[in-house]
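A short write-up of the structure that comes next.
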Amino acid sequence: MINASMPSPIGHALAGVATAWTADLLDGSAGRRMAFFTRRTLICAALAALPDADLVAHAALHRSVTHSLVATIAVTIIAAAVTGWVTRRDAWKVAAICGAAYATHLLLDWLGSDPSSPQGIQLFWPFNELRYISGWDLFRRTERRQWWTVRAMMRNAEAAAQELAILGPVLLALRSLRQRRPS
């Protein structure tokens, strides 16, 4: 049985990269951050993929606790605490960027295909157990349980290619804007 999931870790990571690069443009640091991948970029990519760590911990919890606004707020608070402890400056600005990167995961999953039952993410966990999904199926489903089979690898490659086709132009535009921005 194929376990239909939402966007792949590749798509989620790309959304995290887009968040970091957008933050570079908004805070005026694009001119100083000409490197393709900065520490901020890598952290945002990891945070955007992080909610799917629940698959490793307990698959039955998938799309609930870690896919909620409560988890997004918790990540933001933890990022503020760690940033304040490490750098002693700009803690909430960095925390907001980290929270936004994490939240992109929820957005992509909401926009994804999810024919499994129950469908959607528990966005407002623990306050209610309703699941939310857009129904637009912008992102293809992926296989995460039997990923080593040829069928699953083909499905995942198609999903990753589609995610790159959707998010790639966004990243190219952001990269171009980052390079044009004066330091």
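The values are calculated or read from the model by the stated rules, or taken from the named source; none is laboratory data. Please read all numbers here as calculations on a predicted model, not as lab measurements. Cβ coordinates were reconstructed from backbone atoms using ideal geometry, including for glycine residues, and neighbour counts include every protein chain displayed. Ligands, DNA and RNA are excluded from the accessible area calculation, which covers all protein heavy atoms including side chains. Shrake-Rupley method; radii C 1.70, N 1.55, O 1.52, S 1.80 Å.
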Any chance Leu130 is open to solvent by less than 80 Å² (accessible area, probe 1.4 Å), in a loop (DSSP other than H, G, I, E, B) and farther than 24 Å from Trp21 by Cβ: no
Residue in region 137-157 that is assigned to a loop (DSSP other than H, G, I, E, B), open to solvent by 90 Å² or more (accessible area, probe 1.4 Å) and in contact with a Gly (Cβ under 9 Å, 6 or more places away or on another chain) present: yes
Residues located in region 69-95, provided they are farther than 23 Å from Thr22 by Cβ and either open to solvent by less than 80 Å² (accessible area, probe 1.4 Å) or not in a helix (DSSP H, G or I) (or both): Val70, Ala81, Arg88
Within region 32-47, considering residues that are more than 23 Å from Met6 (Cβ to Cβ) and open to solvent by less than 80 Å² (accessible area, probe 1.4 Å), the one modelled with the highest pLDDT: Arg40
Residue check for Ala165: under 21 Å from Cys44 (Cα atoms) and either aromatic (Phe, Trp, Tyr) or open to solvent by 40 Å² or more (accessible area, probe 1.4 Å) (or both): yes
Any hit, region 108-127, residues being within 21 Å of Thr22 (Cα to Cα), crowded, with 21+ Cβ neighbours inside 10 Å, touching a residue at least 60 places away in the same chain (Cβ under 8 Å) and within 15 Å of the chain's Cα centre (by Cα): yes
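Between Leu50, Leu55, which is modelled with pLDDT under 90, assigned to a helix (DSSP H, G or I), surrounded by 14 or more Cβ atoms within 10 Å (Cβ to Cβ) and within 19 Å of the chain's Cα centre (by Cα)? Full working, then the answer.
Numbers: Leu50 fails: modelled with pLDDT under 90.
Checking each option against the conditions leaves just Leu55.
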